[in-house]
Amino acid sequence: MNSELERLDADIAALQADIAEIQNERLAASNAVTDEEKRRGGLALAARKDDVARSELEQARRRAVEAKLVLEEKQAALEQATGQLTELEHKRAEAFRAAKLAEYQTAIDGVVTEAEQLESALVSFIAAKEKFDEHLHALDGLGVAAGFDNNNAAHRNVGKNIRRALAHRVDYDSIWLSPEGKKLYSLALPDLIRRVLNKEATVEEAQELKAAS
């Protein structure tokens, strides 16, 4: 994990713990204010005629003032801590975005590198396919010379099935394939050609080949 994020997470966790503690202290201070106000109210009438009650009332006043000051301090501390937490969370969000932006750029660089490798493979593929097409086209001439009916010759289905296999294997398949068809067109290309030319296909494979012809 990003060290800056780890530091900010630690600071946020510590401040959140402080805020929870301050909230409890503020609640206790608020309860103390309420208690002293009730005590003052209970002594107000008696203090008019009783010296002891009057003394207790003065003490209650001092305690009430002190309790209110403590409450104000706790409220101020809470507001400050909450503000700091908001600032830290904002910094954390910015750091997170910066980290993800760096990861994104690294991924972009990886895509470019892979694209370079893909381009190299594509150039090799095109060269190999051109040679393959030349040999496949030569079969027509050889078939005629050998007295074949090229319209019904097995090699005529090779190109169609190879194109289907390539589309399936590179995940650019625009046709629906049955599970058996996916298995068939995932074969190594020489094995697929043998299925087409030598009739080594199973019944299910033969049905797929017939559908592609």
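The values are calculated or read from the model by the stated rules, or taken from the named source; none is laboratory data. Just so it is clear, the structure is predicted and the values come from calculations on it, not from any experiment. Note that each Cβ is placed from the backbone with ideal geometry, even for glycine, and that neighbours are counted across all protein chains shown.
Details
- One residue alone among 16, 23, 59 is in a helix (DSSP H, G or I), without any contact (Cβ under 8 Å) to a residue 24 or more places away in the chain and in the same structural domain as residue 84 (by TED's automatic domain parsing), and that residue is 59.
- Residue that is surrounded by 16 or more Cβ atoms within 10 Å (Cβ to Cβ), in a helix (DSSP H, G or I) and not basic (Lys, Arg), where the choices are 102, 47, 107: 47
Yes or no, residue by residue, for (1) touching a residue at least 40 places away in the same chain (Cβ under 8 Å); (2) of a type outside the set (A, V, I, L, M); (3) exposed (fewer than 12 other Cβ atoms within 10 Å of the Cβ):
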| position | (1), (2), (3) |
| --- | --- |
| 41 | no, yes, yes |
| 94 | no, yes, no |
| 97 | no, yes, yes |
| 112 | no, no, yes |
| 117 | no, yes, yes |
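- Residue satisfying all of: in the stretch 142-162; closer than 23 Å to residue 126 by Cα and at pLDDT below 85; surrounded by the fewest Cβ atoms within 10 Å (Cβ to Cβ) among these: 160
- Meets criteria (in a helix (DSSP H, G or I), more than 60 Å from the chain's Cα centre (by Cα) and loosely packed, with under 13 Cβ neighbours inside 10 Å) for residue 52: yes
- Matching option when the condition is of a type in the set (A, V, I, L, M), modelled with pLDDT of 85 or more and in contact with a Leu (Cβ under 9 Å, 6 or more places away or on another chain), among 99, 77, 127: 99
- Of all residues making up the stretch 5-43, the number that are in contact with a helix residue (DSSP H, G or I) (Cβ under 7 Å, 6 or more places away or on another chain) and among the aliphatic types (A, V, I, L, M): 10
- Selection status of residue 133, touching a Gly at 6+ places or on another chain (Cβ under 8 Å), more than 30 Å from residue 41 (Cβ to Cβ) and either surrounded by fewer than 13 Cβ atoms within 10 Å (Cβ to Cβ) or in contact (Cβ under 8 Å) with a residue 24 or more places away in the chain (or both): yes
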